[in-house]
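Accompanying notes for the structure given below.
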Amino acid sequence: MGGKGHKGLVQEQFTKTAQESSHWATEQSGIEKSDVNFFDPQPEDKASDVACGPGTLSLKLAPHVRQVIGVDLTAELLYTAERKKNVEYWVGVLHE
């Protein structure tokens, strides 16, 4: 892996393909209402979407909860994410 480590390699790869990956994830997500219902979202809930990419699941959850926080390692994927008033996107990881 050289000096970059896993995190650096993931960021590099997804940065290169952010636009293409974002379009594919949005168009081909396959996330249906029944998938969202599995989580039993409630209007007062806050939801986290870890490794959210372009926010596909975040956007599906948004109408059902108070707030969604999408976290991804690759800023370029988050730049392509659609914005909603109750969805925030954070660049980062949950653990090192």
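The values are calculated or read from the model by the stated rules, or taken from the named source; none is laboratory data. On a predicted model such as this, the values are computed, not experimentally measured, just so you know. Note that we place each Cβ from the backbone using ideal geometry, even for glycine, and neighbour counts take in every protein chain shown.
(1) of a type outside the set (D, E, K, R); (2) modelled with pLDDT of 90 or more; (3) loosely packed, with under 15 Cβ neighbours inside 10 Å: which one isn't true of GLY5, the others all being true?
(2)
Of the residues in the stretch 41-64, how many are in contact with a Leu (Cβ under 7 Å, 6 or more places away or on another chain) and under 30 Å from GLN13 (Cβ atoms)?
Adding up the residues that qualify gives 5.
Looking at the stretch 58-68, is at least one residue at pLDDT below 85, out of contact with any His (no Cβ under 6 Å at 6 or more places or on another chain) and of a type outside the set (Phe, Trp, Tyr)? Let's see the steps before the verdict.
Initial filter on the stretch 58-68 (at pLDDT below 85): none.
Checking the stretch 58-68: not a single residue is at pLDDT below 85, out of contact with any His (no Cβ under 6 Å at 6 or more places or on another chain) and of a type outside the set (Phe, Trp, Tyr).
Mind listing whichever residues of the stretch 58-72 are of a type outside the set (Ser, Thr, Tyr) and either touching a Ser or Thr at 6+ places or on another chain (Cβ under 7 Å) or within 14 Å of GLU88 (Cβ to Cβ) (or both)? Even if it seems obvious, please write down each step before you answer.
Let us first name the residues in the stretch 58-72 that are of a type outside the set (Ser, Thr, Tyr), namely 59-72.
Answer for the stretch 58-72, where residues must be of a type outside the set (Ser, Thr, Tyr) and either touching a Ser or Thr at 6+ places or on another chain (Cβ under 7 Å) or within 14 Å of GLU88 (Cβ to Cβ) (or both): LEU59, LEU61, ALA62, VAL65, ARG66, GLN67, VAL68, ILE69, GLY70, VAL71, ASP72.
So GLU76 fits all but one of (1) modelled with pLDDT of 90 or more; (2) over 11 Å from the mean Cα position of the chain (by Cα); what number is the exception?
Checking GLU76 against (1) modelled with pLDDT of 90 or more; (2) over 11 Å from the mean Cα position of the chain (by Cα), the one that fails is (1).
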